[in-house]
Amino acid sequence: MKKVERINIIMRYINNRAHFTISEIMREFNISRSTAIRDIREIEALGMPLVAEVGRDGGYYVMNNSVLPTVRFTDNEIKALFIAFMATRNQQLPYLKSRQSLAEKLLGLISENQQDDLVLLNQILLFEGTNPNNPDLLDLSDLPHPILEKFIETLLLDRYLLITIKEEKVIKSYPIYLLHLYREKSVWLIEAFDLEEEKRRIVPVDNLTNVKPYPAKKRLSKKKILEKLSKQEELINLVLELGPKAIAQFKKYHPLKVSISYTNPFQTTAILKTFINVNNSEELTEIINWLLFLGEDIKVREVPLEVSKGLQERLCHYSP
């Protein structure tokens, strides 16, 4: 690690602690005592208000109510931030205006040479969803749902919510405890526990018309919610071993709520365990198509009979 990078990381390390010692810095950054002392002195020279404590258990702490020095970014850190902004520019993400102003502030903090590098990157790099004729153009389909930011702001204050949704011209309200808000297949989804029907519910954010906190008197505790969910978990009936080619296909596309666990440090093999509702014809067809999409680099440990028959019929249909 270069000295400039190490100094910046040590400054962030110090900022997050009420007290630290030279020995802790040595262990954390694998440096000698003399190097640690030189780094601390250089950090003090940069303006960080450190106070030394004398004695057997002495060390350092940051003076309270003092202005800390501006965080400095390395060239690679600036490029990483800018490319992250570029890669997510047309992905229906919330806080679009804030991200734009943040990028403008970042450009204002860096040198002209660094700005030139970012301008060049913006001209060269294109990501999925980018208009090649005008990379900065946002189509209407790129904009997030207008209620998404309001929803996030509300759930940060309280995860017990009353959501109103519109389904096939019918407006319904559900009291929920939010479990996760996630994006899958370009759609924002709410995974929640329905407090009235006491079951897991998944709702597209696009269907939301309103959201507000749910009255405290009618709430279940988080502990009871998790207990009820654990009792409702379906039995696993599909178990697959995935090789590297199947893992690559999995990363390209996988159905909702299906995940894998890597079985070696190099992430070249994995295990997949999930439940398939064979009584749901749409889900059954989707899973059969998806298993064929994964390819031959899989080993089946356990599979429902209906899925096995469906695969055999599909393969016979395609065989010459």
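Values in this text are rule-based calculations from the coordinates and carry no lab data. Computed from a predicted structure; not experimentally measured. Here the Cβ positions follow ideal geometry from the backbone for every residue, glycine too, while neighbour counts run over all protein chains shown.
Things to note:
- Between the helical axis of 305-318 and the longest alpha-carbon principal axis of the chain there is an angle of about 80 degrees.
- Region 283-311-region 157-191 distance, computed between alpha-carbon centres (Å): 30
- Relative to the dominant Cα principal axis of the chain, helix 222-232 is inclined by about 40°.
- Reach of Lys218 by Cα under 24 Å, taken over lysines that are not fewer than 8 positions away in the same chain: Lys150, Lys166, Lys172, Lys199, Lys228, Lys231
- Proximal aspartates and glutamates relative to Lys309, as straight alpha-carbon distance under 20 Å, when same-chain residues fewer than 8 apart are discounted: Glu241, Glu282, Glu283, Glu286, Glu296, Asp297
- Measure of compaction for region 75-138 (Cα Rg per 2.2 N^0.38 Å): 1.08
- Across the chain, the longest piece that holds none of the GluC sites (Glu not before Pro) lying in DSSP loops with up to 11 other C-beta atoms within 10 Å covers 54-127.
- Residue separation of Ser281 and Asn76 scaled by 0.36 nm, minus their Cα-Cα distance, works out to 68.8 nm of gained length.
- Among (1) 147; (2) 255; (3) 176, the entry that matches volume of the Cα convex hull per residue in Å³ as calculated here: (2)
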